[in-house]
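What follows is a short report on a single structure.
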Amino acid sequence: MTWLGRLLLSVIALILAIPAGALTLGAGVLLDPTFRDALGQLGLVGLFSGLSDLAQGLPPDMAVMAVILLAQALGLLLILPPTLVALVGETLGLRSPFWYGGAAGLLTALLPWLARGGPPPAAGAAAAGAETRLAAILLVTGIASGLVYWLIAGRSARARMTRPGAGAF
């Protein structure tokens, strides 16, 4: 397979891996009872406060900023890990599903701590439990996106690399 074909296959794999991670994240948040209840309460509170702000004549800039910040956070969680793992895996010639699934899962689970700059402040047992559940959901999200990438791009690379005379790309 030429380098152009490999690049195209990698892009297609990433295009399919990112929604797989998004679906896994959504399912994880909705299946966890604590997050489901919190999301339901926050969703209604946010909706009602946003509607009352608009009714009072306030500009919708805050709502637009909130949507932009949410999109940035989701982009960071869903796009960055599989893309970075795919780049490193393709560059170093790593072909294992354990690399793609494990590295993407670990990176996705660690992103909140990396973005925060360290461990969370002590906030009690309830906060620690919620953060542990969130880390588990993010771990599964990254594993799902990494394995989808491997299923599409990694397996064909393995067959290509075992052929006699196969080059780096």
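The values are calculated or read from the model by the stated rules, or taken from the named source; none is laboratory data. Owing to the predicted nature of the structure, the values given are computational and were not obtained by experimental measurement. Cβ atoms come from the backbone with ideal geometry, glycine included; neighbour counts cover every protein chain shown.
Structure summary
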{"quantity": "Matching residues in the stretch 1-59 - criterion: being outside any helix (DSSP H, G or I) and either modelled with pLDDT of 90 or more or under 27 Å from L138 (Cβ atoms) (or both)", "calculated": "D32"}
{"quantity": "Flag for G146 being buried (at least 20 other Cβ atoms within 10 Å of the Cβ) and at pLDDT below 80", "calculated": "no"}
{"quantity": "Given (1) in contact with a Leu (Cβ under 9 Å, 6 or more places away or on another chain); (2) modelled with pLDDT of 80 or more, number of the condition A115 does not satisfy", "calculated": "(2)"}
